[in-house]
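For reference, the structure discussed in these notes is given below.
The values are calculated or read from the model by the stated rules, or taken from the named source; none is laboratory data. If you're wondering where the values come from, they're calculated on a predicted model, not measured in any experiment. Counting neighbours? That spans all protein chains shown, and the Cβs are built from the backbone with ideal geometry, glycine included.
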Amino acid sequence: MGVSDAMRHHAQLKSDAGGFELLARRLKQIVGVDLPVSPKNLALMAGRLGPLLRRHGLWRYRQLDELVGRNQEPLVREFISLMTTHTTHFFRESNHFGELANAVRRGEAERKGSENRPLRVWCAAASTGQEPYSILMTLLDAKPSLKANGLKFLATDIDRASLIKASRGVYSAAEIDNVPRAFQRKFFDSNPELDLVQIKPQLRKQVTFAEFNLLQTPYPFQFPFDVIFCRNVLIYFEAAETKRVCEKLVSALAQGGYLFLAHAETALVRKMKLQQVAPATFRKV
Ligand SMILES: C[S@@+](CC[C@H](N)C(=O)[O-])C[C@H]1O[C@@H](n2cnc3c(N)ncnc32)[C@H](O)[C@@H]1O
């Protein structure tokens, strides 16, 4: 296909509101994410999905919807990856990391009487890894003894492509500008020629990355978590789904455990068994 065919295809997708609606419905069904039909989203998705369609010899959204409906891999995975937002950065909403460090230093993140078991941490929408590594750096800095078997750290996301990037832990040097200098030296290897940095192997090894859909019911965890981060994903779900996800998060949390939500998402847990201890920071009561 030549450039002018690709441009014609792009224009056709941009005006295919009916096809877009089918895909948006499919996305909501699988991922829970609401993607309204709007000129902005039509243009955005024509840019993202056009190359995917053409690579698979497809022309219309309707055809893609049918194949995704038939669970055709790897199309479903690519569809989920392209239709969801993965924006993230190191130490995003930075007050949370201060709260976490204080809680760990005060010994509050561990449950009473269970000081000898590992601290269990779950980052539930980990995207490309900047968030789980920010949490991990914070924990190890606040309590270096966590390194030796003192920590079980799970980082999940629905998007496999993001998790692959996360597990490699390679970022542009510019991306760690807002990471404290001492952390940069301690936790990253750098390659100045390529302008890249990489999370040190011993740190990467401490995190288990796994695919997990927050809509899944029930959650399969055997032991409760002491710390859960679930930020900047709930806003994409509709109200009833958000409530169900929040309830599952709270039940996966240990008594006294910490739940960190994005600042825009705090109203979502108002009636749950949680005590707000700092902005967008909750403990299970
Ligand atoms: C905007 S990013 C937020 C990343 C990070 N938590 C932060 O605050 O910087 C949202 C992430 O949620 C993931 N996501 C969307 N729907 C999901 C679902 N149903 N289950 C698990 N992860 C989901 C996306 O793949 C994406 O990586």
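Which one of these is touching a Leu at 6+ places or on another chain (Cβ under 6 Å) and closer than 21 Å to L154 by Cα: F221, F229, F188, F209?
F209
Which residues, counting only those in region 1-33, are farther than 15 Å from S81 by Cβ, charged (D, E, K, R), within 16 Å of the ligand (Cβ to nearest atom) and surrounded by 14 or more Cβ atoms within 10 Å (Cβ to Cβ)?
Within region 1-33, just K28 meets the criteria.
Just one of (1) surrounded by fewer than 22 Cβ atoms within 10 Å (Cβ to Cβ); (2) within 16 Å of the ligand (Cβ to nearest atom) trips up K143, so point out which.
The failed condition is (2).
Scan the helices (runs of 4 or more DSSP H) fully inside region 169-265 and keep the ones with 2 or more residues being over 15 Å from the mean Cα position of the chain (by Cα) and closer than 15 Å to Y133 by Cβ.
It comes to 181-187, 201-204.
Pick from L23, L53: which is under 20 Å from D159 (Cα atoms), over 21 Å from the mean Cα position of the chain (by Cα) and touching a residue at least 60 places away in the same chain (Cβ under 8 Å)?
Exactly one of L23, L53 is under 20 Å from D159 (Cα atoms), over 21 Å from the mean Cα position of the chain (by Cα) and touching a residue at least 60 places away in the same chain (Cβ under 8 Å), namely L23.
How about region 152-166: which of its residues are away from the ligand (no atom under 13 Å from the Cβ) and either buried (at least 18 other Cβ atoms within 10 Å of the Cβ) or farther than 19 Å from P201 by Cα (or both)?
F153
Exactly one condition in (1) within 14 Å of the ligand (Cβ to nearest atom); (2) under 27 Å from S94 (Cβ atoms); (3) among the aromatic types (F, W, Y) is false for Y219; which is it?
(2)
Output the number of residues of region 242-261 satisfying the condition of being within 18 Å of G32 (Cα to Cα) and either of a type in the set (S, T, Y) or near the ligand (Cβ under 9 Å from one of its atoms) (or both).
Count: 2.
Scanning for something within 14 Å of the ligand (Cβ to nearest atom), free of Cβ contacts under 8 Å to residues at least 24 places away in the same chain, in a helix (DSSP H, G or I) and not β-branched (V, I, T), does region 59-77 turn up at least one residue?
Our first condition is that a residue be within 14 Å of the ligand (Cβ to nearest atom); within region 59-77, this holds for 76-77.
Okay, now just the ones that are also free of Cβ contacts under 8 Å to residues at least 24 places away in the same chain, so none.
The answer is no; no qualifying residue exists.
Looking at (1) surrounded by 15 or more Cβ atoms within 10 Å (Cβ to Cβ); (2) in contact with a helix residue (DSSP H, G or I) (Cβ under 7 Å, 6 or more places away or on another chain); (3) among the hydrophobic types (A, V, I, L, M, F, W, C), can you tell me which one V37 breaks?
Going through (1) surrounded by 15 or more Cβ atoms within 10 Å (Cβ to Cβ); (2) in contact with a helix residue (DSSP H, G or I) (Cβ under 7 Å, 6 or more places away or on another chain); (3) among the hydrophobic types (A, V, I, L, M, F, W, C) one by one, V37 breaks only (1).
Could you grab me the full set of residues in region 241-285 that are in contact (Cβ under 8 Å) with a residue 40 or more places away in the chain, touching an Asp or Glu at 6+ places or on another chain (Cβ under 9 Å) and of a type in the set (V, I, T)?
Selection gives V277, T281.
Can you confirm whether S114 is over 24 Å from R231 (Cα atoms), modelled with pLDDT of 95 or more, exposed (fewer than 14 other Cβ atoms within 10 Å of the Cβ) and away from the ligand (no atom under 16 Å from the Cβ)?
no
Go through (1) more than 19 Å from G256 (Cα to Cα); (2) touching a helix residue (DSSP H, G or I) at 6+ places or on another chain (Cβ under 9 Å); (3) within 14 Å of the ligand (Cβ to nearest atom) for V121 and report which single condition fails.
Tallying (1) more than 19 Å from G256 (Cα to Cα); (2) touching a helix residue (DSSP H, G or I) at 6+ places or on another chain (Cβ under 9 Å); (3) within 14 Å of the ligand (Cβ to nearest atom), V121 fails exactly one: (1).
Can you find a residue that is more than 19 Å from I228 (Cβ to Cβ), touching a residue at least 40 places away in the same chain (Cβ under 8 Å) and in a strand (DSSP E or B) anywhere in region 145-153?
No: region 145-153 contains no residue that is more than 19 Å from I228 (Cβ to Cβ), touching a residue at least 40 places away in the same chain (Cβ under 8 Å) and in a strand (DSSP E or B).
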